[in-house]
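Step one of this worksheet: look at the structure below.
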Amino acid sequence: QVQLVESGGGLVQAGGSLRLSCVGSGRSFSTYFMGWFRQAPGKEREFVAARRSNGGSAYYADSVKGQFTISRDYAKNTVYLQMNSLKPEDTAVYYCAASRVGATRRDEYDYWGQGTQVTVSS
């Protein structure tokens, strides 16, 4: 079992930055594939970014490439999502998730955090 707790969301003006954090606990957390998803009002939850375990590759949705960066601190059991040059269309609830096998598909993720709201004003 893995527990995930996100933080760092808030209200920011367009062009600003935020860093989301996701602290994980449970057995073998460091071996999990970690991802970030987001869900805007009235829309499906969509993939944002993911990172393999043990310093592996990172994956990004086309819409955030060059804008967002996912990183992991294994000593702190924490995954970060650095979000720069934010736009109003980045407004959503952002979720952290853990997977044994996956990368970009929602159904590949086994555990989810409660979500953190990010609102970008124009």
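Bear in mind these aren't lab numbers, they're just calculated from the coordinates by the rules spelled out. If you're wondering where the values come from, they're calculated on a predicted model, not measured in any experiment. In this analysis, Cβ positions are derived from the backbone assuming ideal geometry, glycine residues included, and neighbour counts consider all displayed protein chains.
Going by average Cβ neighbours within 10 Å, how do the peptides 33-40, 88-95 rank, with the highest at the top?
Result, highest mean first: 33-40, 88-95.
With the crude spin-label approximation of a point 7 Å out along Cα→Cβ, what separation in nm comes out for Glu89 versus Arg106?
Going from the Glu89 label point to the Arg106 one covers 2.0 nm.
Taking the Cβ-Cβ separation of Gln39 and Asn77 as r and a Förster radius of 30 Å, what is the calculated FRET efficiency to the nearest 0.05?
Here the calculated transfer efficiency is 0.80.
Tell me, what is the percent relative contact order of region 1-112, built from C-alpha pairs under 8 Å that lie six or more residues apart?
33 percent.
Could you list the GluC sites (Glu not before Pro) in region 1-49 that lie in coil according to DSSP, counting only those with at most 10 other Cβ atoms within 10 Å of their Cβ?
Glu44
What Kirkwood Rh does region 28-88 have if only Cα atoms enter the pairwise 1/r average? Answer in Å.
12.4
Could you tell me what fraction of 2.2 N^0.38 Å the Cα radius of gyration of region 1-120 comes to, as a two-decimal ratio?
My calculation over the Cα atoms of region 1-120 gives 0.97.
Considering only Leu81, Leu20, Leu11, give the residue with the highest GNM mean-square fluctuation for the chain, with springs between Cα atoms whenever their separation is below 10 Å.
Of Leu81, Leu20, Leu11, the most mobile in the Gaussian network model is Leu11.
Counting just the Cα atoms, what span does region 59-108 cover along each of its three principal axes? Round to the nearest Å and put the largest first.
If we take the Cα atoms of region 59-108, the spans are 32, 27, 19 Å.
At 0.36 nm per residue, and after removing the present C-alpha to C-alpha distance, how many nm does the segment from Arg19 to Ser57 gain when stretched out fully?
Difference between extended and current length: 11.7 nm.
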